[in-house]
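The values are calculated or read from the model by the stated rules, or taken from the named source; none is laboratory data. This is a predicted model, so every value here is computed, not measured. Methodologically, a virtual Cβ is constructed for each residue, glycine included, from the backbone with ideal geometry; neighbour enumeration extends over all protein chains shown. Keep in mind that these areas ignore ligands, DNA and RNA; they rest on the heavy atoms of the full protein, side chains included. Shrake-Rupley method; radii C 1.70, N 1.55, O 1.52, S 1.80 Å.
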Amino acid sequence: MDSAQANEPRKANKRGAARLAAVQALYQMDLAGTGLNEILAEFEKHWLGGEVEGAQYRPAELAYFRDIVGGVVREQTTLDPKIDAALARGWPLRRIETILRAVLRAGAYELACRSDVPARVVMAEYVDVAAAFVDQEETGMVNAVLDQLAHQLRAAEFTSG
């Protein structure tokens, strides 16, 4: 392992790549109205671990990618009101940038449905994902919203020790 890899272990892992790809897929679904099966097929064939427009995409954990994207679609009507409640008054989810909606939905899904992943890991990973697309102020908002959701959905993780 070279020194660059040693300095970026979280960014280099397959689940991190799956999260990033899931956010991109959710963004595309929201923007273009692409269906679930179509987006999964497109990302699996062209994006995950491949080269697109000269950029090499890291190998992603395919099952994790599919779980996040499918889970967000399946749970969206439950997740969106929770996200809305955590956002600042006057800024409902529908007014948030499309990419941030995708990040918040994916993060909320993992907090609600993937108890095998610690809440703090979920929050940190999605702040990292958001940082790839938006500025620091917006990543702070992502952190604040996911922190609120984590305390609601995973209170036990924050009251012990």
For region 75-104, which positions are more than 16 Å from Asp147 (Cα to Cα) and touching a residue at least 24 places away in the same chain (Cβ under 8 Å)? Glu75, Gln76, Thr78, Glu97, Thr98, Ile99, Ala102
Consider Lys11 carefully, then state whether it is among the basic types (Lys, Arg) and modelled with pLDDT under 75. yes
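Output the residue which, of all residues in region 35-59 that are of a type outside the set (Phe, Trp, Tyr) and surrounded by 15 or more Cβ atoms within 10 Å (Cβ to Cβ), is modelled with the highest pLDDT.
Among residues in region 35-59 that are of a type outside the set (Phe, Trp, Tyr) and surrounded by 15 or more Cβ atoms within 10 Å (Cβ to Cβ), the one modelled with the highest pLDDT is Leu36.
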Just the residues that are among the acidic types (Asp, Glu) and surrounded by fewer than 16 Cβ atoms within 10 Å (Cβ to Cβ), please, taken from region 132-160. Asp135, Glu137, Glu157
Selection within region 109-131 - part of a loop (DSSP other than H, G, I, E, B) and open to solvent by less than 60 Å² (accessible area, probe 1.4 Å): Arg114, Val117
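Filter region 60-96 for residues that are at pLDDT below 85, exposed (fewer than 14 other Cβ atoms within 10 Å of the Cβ) and part of a helix (DSSP H, G or I) and give the result. Let's see the steps before the verdict.
Looking only at region 60-96, we keep the residues that are at pLDDT below 85, and these are 60-61, 88-95.
Keeping just the survivors that are exposed (fewer than 14 other Cβ atoms within 10 Å of the Cβ) gives 88-91, 94-95.
Answer for region 60-96, where residues must be at pLDDT below 85, exposed (fewer than 14 other Cβ atoms within 10 Å of the Cβ) and part of a helix (DSSP H, G or I): Arg94, Arg95.
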Scan region 133-161 and report the pairs whose first residue is more than 15 Å from Leu104 (Cβ to Cβ) and in contact (Cβ under 8 Å) with a residue 12 or more places away in the chain and whose second residue is assigned to a loop (DSSP other than H, G, I, E, B) and not charged (D, E, K, R), with Cβ atoms within less than 8 Å and a gap of 6+ or a chain change. Arg154/Ser115; Glu157/Pro118
